[in-house]
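Asks: The structure follows.
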Amino acid sequence: MVPLPNAPNLPIQHLAASFDDVTNSYKYYWLLAILEHVRENQNRIIAVDELLARMLASIWYPTNYFRLSFGKQDRLGQIALKMGTQAGLPMDAKRDQVIQIARQKVGEPSGLADEIRSLAIYVPYRFLRPFFAEQLRGAKDWVVNGRIQQLASETFNRSDAPCIYRFIAEPFIGIEIQPEWFDYLNRHLTVLTGFCFWHLVNYIQKNNPNTPNVTSKLFEPGQRDLHLARQFWRSVFDNTDKLTCIYSGQQIQTNSFSLDHFLPWRFVAHDMLWNIIPTPKNVNSAKSDNLPDLNQYFDPFVTIQYNAIQIIANIKKAQLLEDHILLFRVNSTNELQSLSFQDFRQRLYDAIAPQFQIATNMGFPINWSYV
């Protein structure tokens, strides 16, 4: 990881040290919320409630949509899920909508608002602890917040090694970013955001050691690019008599079909062709994000994939087989095509079965069957 840019008179090492020995996600999302606010509003004074709302919106997709684990001690994601349930938010709600609901909920007198505000008891203060490590050495836990608040105020206007922000009570409970630090944040927003996400990805990967594509699961899902998948299956349609849906047994119409992710897209967060098959639109809608019954559907899935690869290889469209070549670790289209059905099946099973177990552990519904 590239170190943070240096700056005269600013203790950059203390900012970097804020991410040492982190046991939950709060500090990452706290700094990301500050950076986001600076980028959008160019204001040095920020309400704590506003930062909490942005933190909840940022963790919404990793926890609610993609079902990532943040560890047993981490309450931020749990609070986001509770907020979504109370507000009736769909799991794919837009980020602006999540922020709006979070702002509303934190301002209401309720148990949920108390839970959200409880995050502010420690996070804004403990984020600053590396700035005052020497002064706080041996301090009792119950005096740390007050001492940090005092030290942040005392060092705020220093010309050398000032603290990044201080705490304010008017016009609202919030923080005020120190002017030199504010200039630094503005100059290096991209680098700082990348630095923070790098640490966040490492933290999440530790809590989800075998989960695929963690990096893509930190944000609101973007538009999927299924161009290659459609080209793949249209080429198959053009060179075979008919294709039958592996789930329903229905004949698939070439002018009206959906592309199904055998392992749900919300789990894999990719569009690799070895995981995609055509289905009638109503069947795809019914399957949704469920995990299909492997005993019932795995062999039909292998068969349609195997036959499709033979067709694509025969019509010399090797560019459409790159995903399969990477998955099966073969060196060429010819080597892929020459795999026996049993060898093909075993390799595909070895790749997919462990991911089914991980998705099951994450709470994706299992043993789906079309009826």
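Asks: Going through the stretch 9-34 one residue at a time, which ones are modelled with pLDDT under 90 and of a type in the set (A, V, I, L, M)?
Replies: Within the stretch 9-34, just Val22 meets the criteria.
Asks: Just one of the numbered conditions (1) surrounded by 15 or more Cβ atoms within 10 Å (Cβ to Cβ); (2) touching a helix residue (DSSP H, G or I) at 6+ places or on another chain (Cβ under 9 Å); (3) not assigned by TED's automatic domain parsing to the domain that holds Ala318 is not true of Asn207; which one?
Replies: So the condition that Asn207 fails would be (2).
Asks: Being of a type in the set (D, E, K, R) and assigned to a helix (DSSP H, G or I) is the filter here; which residues of the stretch 81-120 pass it?
Replies: As a first pass, look at the stretch 81-120 and keep what is of a type in the set (D, E, K, R): 82, 92, 94-96, 103, 105, 108, 114-115, 117.
Selection gives Lys82, Arg95, Asp96, Arg103, Lys105, Asp114, Glu115, Arg117.
Asks: While we're on this one: Hey, could you check the stretch 204-225 for residues that are within 23 Å of Met91 (Cα to Cα) and either touching a Lys or Arg at 6+ places or on another chain (Cβ under 7 Å) or outside any loop (DSSP other than H, G, I, E, B) (or both) and say which is modelled with the lowest pLDDT?
Replies: Here the residue is Glu220.
Asks: Follow-up question, since we're still on this one. All but one of (1) part of a loop (DSSP other than H, G, I, E, B); (2) more than 30 Å from Ser25 (Cα to Cα); (3) free of Cβ contacts under 8 Å to residues at least 60 places away in the same chain hold for Phe237; state the number of the condition that does not hold.
Replies: The failed condition is (1).
Asks: Does Asn145 qualify as being surrounded by fewer than 18 Cβ atoms within 10 Å (Cβ to Cβ), within 21 Å of Asn24 (Cβ to Cβ) and of a type in the set (S, T, N, Q)?
Replies: Spelling it out, Asn145 is indeed surrounded by fewer than 18 Cβ atoms within 10 Å (Cβ to Cβ), within 21 Å of Asn24 (Cβ to Cβ) and of a type in the set (S, T, N, Q).
Asks: Go over the candidates Asp141, Asp183, Asp160, Asp114 one by one and state the one that is charged (D, E, K, R) and in contact (Cβ under 8 Å) with a residue 24 or more places away in the chain.
Replies: Unique residue meeting the criteria: Asp160.
Asks: Further question on the same structure: State all residues of the stretch 153-180 that are among the small types (Gly, Ala, Ser) and part of a loop (DSSP other than H, G, I, E, B); if no residue qualifies, say none.
Replies: Initially, the stretch 153-180 is screened for residues among the small types (Gly, Ala, Ser), giving 153, 159, 161, 169, 174.
Within the stretch 153-180, Ser159, Ala161, Ala169 meet the criteria.
Asks: Further question: Out of Leu35, Leu31, Leu56, Leu10, report the one residue that is buried (at least 23 other Cβ atoms within 10 Å of the Cβ) and closer than 16 Å to His188 by Cβ.
Replies: Exactly one of Leu35, Leu31, Leu56, Leu10 is buried (at least 23 other Cβ atoms within 10 Å of the Cβ) and closer than 16 Å to His188 by Cβ, namely Leu31.
Asks: Residues that are among the hydroxyl-bearing types (Ser, Thr, Tyr): which helices (runs of 4 or more DSSP H) entirely in the stretch 272-347 hold 2 or more of them?
Replies: Per the criteria, 294-314.
Asks: Something else now. Tell me which residues, restricted to the stretch 38-53, are among the polar types (S, T, N, Q) and either crowded, with 19+ Cβ neighbours inside 10 Å or touching a residue at least 40 places away in the same chain (Cβ under 8 Å) (or both).
Replies: Hit for the stretch 38-53 is Gln42, nothing else.
Asks: Hey, among Thr279, Thr333, which residue is crowded, with 18+ Cβ neighbours inside 10 Å, outside the structural domain of Tyr65 (by TED's automatic domain parsing), of a type in the set (Ser, Thr, Tyr) and in contact with a strand residue (DSSP E or B) (Cβ under 8 Å, 6 or more places away or on another chain)? Full working, then the answer.
Replies: Details: Thr333 fails: in contact with a strand residue (DSSP E or B) (Cβ under 8 Å, 6 or more places away or on another chain).
Exactly one of Thr279, Thr333 is crowded, with 18+ Cβ neighbours inside 10 Å, outside the structural domain of Tyr65 (by TED's automatic domain parsing), of a type in the set (Ser, Thr, Tyr) and in contact with a strand residue (DSSP E or B) (Cβ under 8 Å, 6 or more places away or on another chain), namely Thr279.
The values are calculated or read from the model by the stated rules, or taken from the named source; none is laboratory data. All values derive from a computational prediction rather than experimental measurement. Positions of Cβ are backbone-derived with ideal geometry, glycine not excepted, and every protein chain shown enters the neighbour counts.
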